[in-house]
Amino acid sequence: MNRIGVLTSGGDAPGMNAAIRAVVRKANYYNIEVYGIKRGFAGLITSDFIKLDTITVGDIIHRGGTILRTARCEEFKTEEGQIKALRNLEAFGIEGMIVIGGDGSFRGGLALSKKGIPTIGIPCTIDNDIPFTDYSIGFDTALNTVVEAVNKIRDTATSHERTFVIEVMGRHAGHIALYSGLASGAETIIVPEIPFNTDDICNKIISGYERGKLHSIIIVAEGATSGFKLGEIIQNKTGLDTRVIILGHIQRGGMPSAFDRILASQFGGSAVELIKNNEDRKMVGLTNGRLLITDMEKMLTETKPLDMKLFNLANILSF
Ligand code: ADP
Ligand code: F6P
């Protein structure tokens with residue numbers, strides 16, 4: 001393996017740059033050249049490649065977003081798109097790929113591997129919905145962004161004795177909602193993995209005020225229901241002064257946390273080790289504090305379960 005490529009794909013996440021840096025520096029350490037592919041799989045098709053070295057990845061470990069840019073590319077899902085990508089990689093003499101992204105990006109990585117390019121995946125999505133790793137890069141930073149926002153909302157919620165519905169991201173998963181709800185002391189956490197009943201939610205809010213609570217914070221995962229819809233239902237059923245906030249893309253930006261930078265450095269280093277040893281279709285992960293290597297195909301057939309113990313604990317503590 002003399003020359004590899006690296007790309008970031010799907011939704012960006014804080015820590016993508018730290019992962020790119022780790023891949024490039026670890027590869028260069030082994031005298032392996034690295035090309036960065038711009039805009040995910042789209043850049044593979046248009047041959048938008050850029051040589052990266054230890055200097056070009058300097059001063060990015062702390063930056064949010066991705067210097068390689070990212071994209072969602074429908075054309076790469078087609079046979080023609082994948083053939084174009086393969087030709088471009090062959091023309092550049094790129095022998096292996098490291099894909100930084102979420103499960104969609106790993107499906108792209110698998111397609112690339114099936115065309116003959118050994119590919120390793122680095123889980124990087126704020127959603128933290130990748131099985132076989134406790135954390136994906138970006139989740140910790142997004143979580144802290146949500147908690148910081150809820151801290152601020154708490155102040156005004158308390159002053160006005162209001163109910164706030166705060167919608168967070170996560171696509172089809174509730175990990176951001178669960179962790180941020182627990183960390184911010186939300187009264188109610190609504191996730192797509194667990195059915196909810198709006199009457200129960202309203203009764204809990206009312207009884208909270210009756211016991212002397214000064215506000216009510218409800219964290220809802222976007223995959224469970226719309227924050228606006230829920231806010232309207234609560235307002236109509238309880239008559240309480242209710243406000244809705246959609247935190248949106250603020251959750252994807254900002255400086256990566258120390259945790260995400262360390263995770264990105266470990267994952268990047270480990271991915272290079274794998275590709276150097278001619279491994280293929282593997283994903284790096286971290287489970288119970290240890291690096292874990294999983295088959296990409298196996299990972300793509302599983303769904304990461306929500307931590308039910310944590311959910312039940314959050315429920316008890318929110319009383
Ligand atoms: P994420 O990686 O964050 O889950 P997406 O689901 O949007 O993001 O996937 C990112 C990109 O990965 C897609 O836009 C596409 O280019 C590629 N991709 C996803 N699924 C496939 C597939 N089945 N075959 C080939 N490429 C795919
Ligand atoms: O996968 C990351 C994520 O931010 C999800 O939480 C969210 O549902 C989605 O991407 C939003 O995508 P877009 O940036 O295309 O609106």
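Applying the selection to the stretch 77-104, what residues are away from ligand 2 (no atom under 16 Å from the Cβ), crowded, with 18+ Cβ neighbours inside 10 Å and farther than 18 Å from residue 275 by Cα? Within the stretch 77-104, 81, 82, 85, 88 qualify. Within the stretch 40-86, the set of residues being touching a helix residue (DSSP H, G or I) at 6+ places or on another chain (Cβ under 9 Å) and among the basic types (Lys, Arg) comprises 63, 69, 72, 77, 84.
Out of everything in the stretch 222-253 that is of a type in the set (Val, Ile, Thr) and farther than 13 Å from residue 149 by Cβ, what residue ends up being farthest from ligand 1 (Cβ to nearest atom)? Residue satisfying both the conditions and the ranking: 238. For the stretch 189-246, a residue qualifies if it is open to solvent by 20 Å² or more (accessible area, probe 1.4 Å) and of a type in the set (Ser, Thr, Tyr), and the qualifying residues are 198, 207, 209, 225, 226, 238.
Do we have residue 280 as of a type in the set (Asp, Glu), within 29 Å of residue 6 (Cβ to Cβ) and either away from ligand 2 (no atom under 16 Å from the Cβ) or in the same structural domain as residue 151 (by TED's automatic domain parsing) (or both) here? Yes; evaluated as a whole, the condition is true for this residue.
Residue count for the stretch 109-136, restricted to those that are within 12 Å of ligand 1 (Cβ to nearest atom) and open to solvent by 10 Å² or more (accessible area, probe 1.4 Å): 7. Among the helices (runs of 4 or more DSSP H) confined to the stretch 1-93, the ones with at least 3 residues that are within 12 Å of ligand 1 (Cβ to nearest atom) are located at 41-46, 79-92. A single entry from 270, 318 fulfils the requirement of being of a type outside the set (Asp, Glu), modelled with pLDDT under 95, in contact with a strand residue (DSSP E or B) (Cβ under 9 Å, 6 or more places away or on another chain) and away from ligand 2 (no atom under 16 Å from the Cβ): 318.
Against the definition (in contact with a strand residue (DSSP E or B) (Cβ under 6 Å, 6 or more places away or on another chain), within 16 Å of ligand 1 (Cβ to nearest atom) and part of a loop (DSSP other than H, G, I, E, B)), how does residue 98 come out, yes or no? Judged against the criteria, residue 98 is not a match. Residues in the stretch 244-251: is at least one within 27 Å of residue 306 (Cα to Cα), in a helix (DSSP H, G or I) and touching a strand residue (DSSP E or B) at 6+ places or on another chain (Cβ under 6 Å)? No, the stretch 244-251 has no match at all.
Residue check: residue 315 meets all listed conditions (1) open to solvent by 70 Å² or more (accessible area, probe 1.4 Å); (2) at negative phi; (3) assigned to a loop (DSSP other than H, G, I, E, B) but one, namely (3). May I ask you to verify whether residue 170 is within 16 Å of ligand 1 (Cβ to nearest atom), buried (at least 23 other Cβ atoms within 10 Å of the Cβ) and not assigned by TED's automatic domain parsing to the domain that holds residue 108? It is true that residue 170 is within 16 Å of ligand 1 (Cβ to nearest atom), buried (at least 23 other Cβ atoms within 10 Å of the Cβ) and not assigned by TED's automatic domain parsing to the domain that holds residue 108.
One line per residue, one yes/no per condition, for (1) not β-branched (Val, Ile, Thr); (2) not in a loop (DSSP other than H, G, I, E, B):
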{"residue": "217", "(1), (2)": "no, yes"}
{"residue": "232", "(1), (2)": "yes, yes"}
{"residue": "240", "(1), (2)": "yes, no"}
{"residue": "256", "(1), (2)": "yes, no"}
{"residue": "269", "(1), (2)": "yes, yes"}
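Just one of the listed residues (111, 149) is over 23 Å from residue 19 (Cα atoms) and in a helix (DSSP H, G or I), and it is 149. Take residue 78 and decide whether it is at pLDDT 95 or above, hydroxyl-bearing (Ser, Thr, Tyr) and closer than 24 Å to residue 255 by Cα. Judged against the criteria, residue 78 is not a match.
The values are calculated or read from the model by the stated rules, or taken from the named source; none is laboratory data. Keep in mind that this is a model prediction, so the values were computed, not measured. Every residue, glycine as well, gets a Cβ built from its backbone with ideal geometry; the counts of neighbours run over all protein chains shown. Quick note on the areas: whole protein, heavy atoms, side chains included, nothing else; ligands and nucleic acids left out. Shrake-Rupley method; radii C 1.70, N 1.55, O 1.52, S 1.80 Å.
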